[in-house]
Amino acid sequence: MHTITRLSPDDFRSSVQGLADLLADVVADGSSLGFVAPFDTTAAASWWRERESAVADGSLHVWITRGAEGVAGTVSLALERKPNGRHRAEVVKLMVHRDARGHGLGRTLLATAERAAARAGATLLLLDTETESSADHLYRAAGWTRYGVVPRYAADPAGALRDCSFYYKQLP
């Protein structure tokens, strides 16, 4: 059983280093999350700190789960603020530490974001991920619909260009 906690603005600030450690681990393991090597915890902490105002104003929700070594997983939900798009949100930065994988944590974090989106009034969720990655398989298994693949969309941490799959999910 995983305990998932939504971070308040204060909790977010105090969790930046743990989130940075997780992000650096996932990137070092080869996950394409928008960063290329070299990428360390200092750069990761800076990236997370740039999200602080969005967490404070409520446009970004961040959840974590902790393990014995710190933050074991996270997921974020970016709510759309444009008046014509308030029915949608984007699932971003779903990550599980490599030592915590294989126990359903990614699936649990994704379900957490989906439930929160529905409570916030979102009826359409969007996300993107590297094609044929473990995340790609997770989203298909969780009932998301792939609506396109863009070849050579983004570089992985080693700099190789990878295809990207774009997904949506309609919520009741």
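The values are calculated or read from the model by the stated rules, or taken from the named source; none is laboratory data. Since the model is a prediction, treat every value here as computed from it, not as a measurement. Here Cβ is always computed from backbone atoms with ideal geometry, including for glycine, and neighbour counts include all displayed protein chains.
A single member of V91, V71 is over 21 Å from G121 (Cβ atoms), at pLDDT 95 or above and either of a type in the set (D, E) or surrounded by 21 or more Cβ atoms within 10 Å (Cβ to Cβ) (or both), and it is V71. What are the residues in the stretch 96-141 that are over 16 Å from the mean Cα position of the chain (by Cα), closer than 22 Å to L60 by Cα and in a loop (DSSP other than H, G, I, E, B), if any? Passing the criteria: A120, G121, A122, T123. Residues in the stretch 91-147 that are of a type in the set (S, T, Y), over 18 Å from Y168 (Cβ atoms) and free of Cβ contacts under 8 Å to residues at least 40 places away in the same chain: S134 alone. Of the residues making up the stretch 142-172, those that are outside any strand (DSSP E or B) and either under 19 Å from A113 (Cα atoms) or of a type in the set (S, T, N, Q) (or both) are A142, G143, W144, L171, P172. In this entry, S31 passes the filter for residues that are touching a helix residue (DSSP H, G or I) at 6+ places or on another chain (Cβ under 9 Å) and modelled with pLDDT under 95.
With S59, S14 as the choices, which residue is free of Cβ contacts under 8 Å to residues at least 12 places away in the same chain, surrounded by fewer than 21 Cβ atoms within 10 Å (Cβ to Cβ) and of a type in the set (S, T, N, Q)? Every option except S14 fails the conditions. The residue that is farthest from R101 (Cα to Cα), among those in the stretch 42-86 that are of a type in the set (S, T, Y) and under 17 Å from the mean Cα position of the chain (by Cα), is S59.
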